[in-house]
Amino acid sequence: MMRMKVFVIAAVAFASLVSFISAIHGSEAQLSSLFEDNALFSSLSTQQPSQSQPLMVPITVINGAAAKGAVCLDGTSPAYHFHPGSGSGANSWLIHLEGGGWCNTIRNCVFRKTTRRGSFKFMEKTLPFTGILSNKPEENPDFFNWNRVKIRYCDGASFAGDSQNEANQLQFRGQKIWLAAIEELMSKGMQKANQALLSGCSAGGLASIIHCDEFGSMFPKSTKVKCLSDAGFFLDAVDVSGGHTLRNMFGGVVTLQEVQKNLPKSCLNQLDPISCFFPQNLIQHVQTPLFLLNAAYDAWQVQESLAPHSADPSGSWKDCKTNHAKCNSSQMQFLQDFRNQMLNDVKDFTRSSATGLFINSCFAHCQSERQDTWFADDSPLINDMPVAIAVGDWFFDRKTIKAVDCAYPCDTTCHNLIFNEGYDDTPTAATTMIYSSQSSRLTFTALYLLSALFPTYMFLVHLRVGGVLSRFFSHST
């Protein structure tokens with residue numbers, strides 16, 4: 001109790017009790033249209049009435065985007081959600097890039113056009129702003145009164161593609177969407193910002209790395225600009241069959257959408273374009289201060305990069321993927337090796353005093369948008385520090401943050417993703433996932449849609465709050 005009281009006293013001057021509504025980033029599907037993010041559903045409900053509903057922010061279509069060629073996969077206009085800042089945050093801006101996987105084949109991208117990840121027509125017209133986007137100081141102590149924006153993701157290549165496929169009426173215009181969105185936000189006052197933070201989760205977290213320096217170059221040197229990548233540190237790792245599932249999928253994305261046009265030339269001078277789409281090879285080329293927030297046993301990467309069904313057709317990893325507590329010793333060692341690779345890949349990154357790092361030993365994915373993992377009475381900690389405080393201390397230069405957790409199973413503060421006993425990783429299966437923590441529980445149905453060669457997983461998330469204990473402030477995922 002005392003650990004969080006300290007943060008509350010330092011961050012806010014009042015206390016309140018709140019239940020919350022939020023959603024978990026569902027697993028994105030390997031080698032296909034992947035979906036993940038708290039907006040996956042428009043219908044979220046709680047088991048009991050919430051005393052403090054999240055701020056619901058309406059959608060805004062980017063003005064004149066189509067004339068600039070900045071369109072979603074199906075040619076519809078891109079969009080964002082914007083809540084203006086106030087008081088001391090009136091000239092501060094937080095731009096958050098939505099995640100939602102990638103499409104790496106024509107078939108995947110054609111399917112994606114029929115979803116909110118490829119068309120404005122299917123996007124939710126309002127979204128809850130929680131976690132780093134919350135407007136409540138007790139939930140988001142450092143950024144609650146900033147201008148906060150969530151840019152919707154509808155291109156399938158981390159806002160980095162620039163090509164088209166006329167035969168299938170596909171527009172790969174992620175780079176143009178990014179530029180059109182930033183241009184419009186600049187016209188709405190962001191050009192006068194005294195400080196700005198570019199963030200993103202999962203595929204959006206990768207995008208925040210790719211566009212970090214470009215974002216920084218748009219402001220005068222007097223503006224404090226930094227970037228945050230949440231769950232965007234995708235490793236070029238070997239899967240359980242000895243193959244390279246994620247590299248193969250990224251290869252399709254880069255080639256199909258001509259992503260190489262928008263990758264750092266300094267990286268392309270040394271490595272092939274596919275390698276330069278992996279954050280482990282990108283971060284050394286980023287000059288703008290960057291913070292990496294990641295789970296050492298990233299739940300999406302365990303499910304879809306390390307042990308996807310295609311690499312484990314016999315299902316020997318099924319129980320381990322269902323619940324990490326069921327992993328045998330050799331499987332756990334494989335996961336520990338993955339963690340070691342992640343830590344090794346950020347060694348040089350941590351040497352700079354300008355960078356920040358928070359790698360906790362959890363089986364999670366995306367921790368900045370969910371209130372219970374961002375800032376809450378029982379949120380994950382490293383050295384008694386929650387994610388929100390770590391990011392805030394780093395952004396405002398209050399502390400140097402290089403937080404690396406001890407190896408599993410030492411961290412008892414994690415909110416781990418656990419699948420129910422009926423978990424099935426084959427097409428058409430339905431499953432329940434529980435976010436294990438003392439105060440919140442999430443469930444979602446996973447609908448597996450077949451693609452040409454690989455399964456597409458589309459997760460619908462339903463948050464159920466089992467009751468949050470009061471501790472001096474409201475709580476978010």
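The figures follow:
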| read-out | value |
| --- | --- |
| Cα gyration tensor category, rounded, prolate or oblate, for the stretch 263-393 with a/c compared to 1.5 | oblate |
| Approximate shape of the stretch 225-300 as ellipsoid semi-axes (Cα gyration tensor, √5λ), whole Å, largest first | 20, 19, 10 |
| Debye, to nearest 20: dipole size of the stretch 132-290, +1 on Lys, Arg Cβ, -1 on Asp, Glu Cβ | 500 debye |
| Lys399 versus Ser353: modelled label distance in nm, points set 7 Å from Cα along the beta carbon direction | 1.8 nm |
| Over the stretch 340-425: Kirkwood hydrodynamic radius from C-alpha pairwise inverse distances, Å | 14.1 Å |
| Relative packing of peptides 398-404, 89-95, 201-207 - highest average C-beta neighbours within 10 Å first | 201-207, 89-95, 398-404 |
| Surface/4 estimate of mean projected area, convex hull on alpha-carbon atoms of the stretch 293-369, nm² | 5.8 nm² |
| Descending semi-axes in whole angstrom, ellipsoid equivalent of the stretch 91-144, from the Cα gyration tensor | 31, 12, 9 |
| Heavy atoms of Arg116: accessible area, 1.4 Å probe, square angstrom to 10 | 20 Å² |
| Gain upon complete extension [Thr255, Gln333; 0.36 nm per residue less C-alpha separation] | 24.7 nm |
| Gain in span if fully extended, Gln191 to Thr412, counting 0.36 nm per residue against the direct Cα distance | 75.2 nm |
| Which of Phe363, Asn344, Pro380, positive extreme of dipole for the stretch 312-393 (C-beta unit charges) | Asn344 |
| Lysines with Cα under 25 Å of Lys68, excluding same-chain neighbours fewer than 8 positions away | Lys113, Lys121, Lys125, Lys150, Lys176, Lys188, Lys192, Lys261, Lys265 |
| Gyration tensor (Cα) of the stretch 205-250, equivalent ellipsoid semi-axes in angstrom | 33, 9, 6 |
| Lys, Arg +1 and Asp, Glu -1 on Cβ, resulting dipole of the stretch 289-408 about Cα centre, debye, nearest 20 | 220 debye |
| Scaled radius of gyration (Cα, divided by 2.2 N^0.38 Å) that the stretch 176-318 gives | 1.17 |
| Eligible lysines near Lys318 by straight Cα distance, threshold 17 Å, same-chain separation 8 or greater | Lys326 |
| Space enclosed by the convex hull of the alpha-carbon atoms of the stretch 137-241, per residue, Å³ | 147 Å³ |
| Additional length obtainable on full extension of the chain from Asn344 to Ala325, 0.36 nm per residue less Cα span | 4.3 nm |
| Distance (nanometres) between label positions extended 7 Å along Cα→Cβ at Asp213 and Lys125 | 4.2 nm |
| Positive-end residue, the stretch 257-346 charge dipole about Cα centroid, Cβ charges, pick of Ser305, Leu335, Ala295 | Ala295 |
| Relative packing of 98-107, 161-170, which averages over residues the other C-beta atoms within 10 Å, highest first | 98-107, 161-170 |
| Rounded to 5, percent antiparallel among DSSP beta bridges of the stretch 88-237 | 15 percent |
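The values are calculated or read from the model by the stated rules, or taken from the named source; none is laboratory data. Bear in mind that the values here come from a model prediction, so they are computed numbers and not experimental data. With ideal geometry, Cβ positions are generated from the backbone for all residues, glycine too; neighbour counts draw on all protein chains shown. What goes into the accessible areas is simple: the full protein's heavy atoms, side chains included, and nothing from ligands, DNA or RNA. Shrake-Rupley method; radii C 1.70, N 1.55, O 1.52, S 1.80 Å.
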